[in-house]
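Below: one structure, written as structure tokens.
The values are calculated or read from the model by the stated rules, or taken from the named source; none is laboratory data. Everything quoted here is computed from the prediction, not taken from an experiment. Backbone-built Cβ (ideal geometry, glycine too); neighbour counts: all protein chains shown. These area figures cover heavy atoms from the full protein model, side chains too; ligands, DNA and RNA do not enter into them. Shrake-Rupley method; radii C 1.70, N 1.55, O 1.52, S 1.80 Å.
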Amino acid sequence: MTIRVLIADDQELVRGGFRMILDNEPDIEVVADVGDGANALERARTLRPDVCLLDIRMPEPDGLEVTRRLAGLTVRDPLKVVVVTTFDIDEYVYTALTNGASGFLLKDAGPTLLVEAVRAAVRGDALISPAITVRLLEHFAEPPPKPQAANPRPTGPVERLTGREDAVLNATAQGLTNQEIADRLHISLSTVKTHLSAIQTKLDARNRVEIATWAYRTGRMDR
């Protein structure tokens with residue numbers, strides 16, 4: 001299957017570089033590249049690409065709003081969105097998470113990660129480097145709730161996580177890929193995917209980004 005990609009960035013050199021890298025892959029085709037949010041929305045809705053690579057800062061609507069309109073909770077048929085950032089605009093990244101982004105990529109990440117981010121998004125296995133995951137979520141995730149005097153209402157999944165699911169959740173929040181989790185826990189790749197599916201169901205999370213956000217919000221990463 002050919003993966004169809006839309007690129008939206010206000011820098012022509014960035015769009016051209018991304019297009020050259022992606023079009024060089026036998027299983028990826030760039031179906032459009034645009035320089036502003038309005039055209040990104042119009043082309044994405046018309047072409048229905050498999051993945052949208054969106055810059056945060058571009059002429060209105062910006063990448064955050066485009067992400068919300070294409071991948072947000074209220075979107076009936078959401079698209080896969082990977083947000084491209086220079087990471088010097090930290091205050092915007094958490095908003096992109098809550099707006100439905102399923103992955104993050106640094107502009108200087110290099111060709112290999114660019115290609116893998118696109119393929120990961122299609123698999124539903126969002127690519128976020130460990131450095132971004134830890135820095136982002138530690139800085140922006142809400143702190144764990146303080147204990148109440150009596151009968152506090154616990155923050156937790158609909159159904160209790162198993163010990164192995166808890167280990168997979170923590171590894172996911174650290175930014176590990178499925179293969180890295182399998183290697184760390186000495187389990188098969190298919191088993192990792194099974195655990196992630198169960199975790200998503202129990203947490204009502206759409207992707208591993210929301211899983212990681214929940215882990216930080218509830219203080220699981222402090223264990």
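Here is a yes/no grid of residues against (1) in a strand (DSSP E or B); (2) within 25 Å of Thr177 (Cβ to Cβ):
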{"site": "Met1", "(1), (2)": "no, yes"}
{"site": "Arg4", "(1), (2)": "yes, yes"}
{"site": "Arg15", "(1), (2)": "no, no"}
{"site": "Leu53", "(1), (2)": "yes, yes"}
{"site": "Glu65", "(1), (2)": "no, no"}
{"site": "Arg69", "(1), (2)": "no, no"}
{"site": "Ala101", "(1), (2)": "no, yes"}
- Note on the structure: When Ala150 is run through (1) surrounded by fewer than 19 Cβ atoms within 10 Å (Cβ to Cβ); (2) modelled with pLDDT of 60 or more; (3) of a type in the set (A, V, I, L, M), the failure sits at (2)
- Message: Going residue by residue through the range 25-35, is there one that turns out to be touching a residue at least 60 places away in the same chain (Cβ under 8 Å), surrounded by 15 or more Cβ atoms within 10 Å (Cβ to Cβ) and outside any helix (DSSP H, G or I)?
- Response: yes
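Let me confirm something: among Thr46, Thr67, which residue is open to solvent by 40 Å² or more (accessible area, probe 1.4 Å) and among the β-branched types (Val, Ile, Thr)?
Numbers: Thr67 fails: open to solvent by 40 Å² or more (accessible area, probe 1.4 Å).
Answer to the selection: Thr46.
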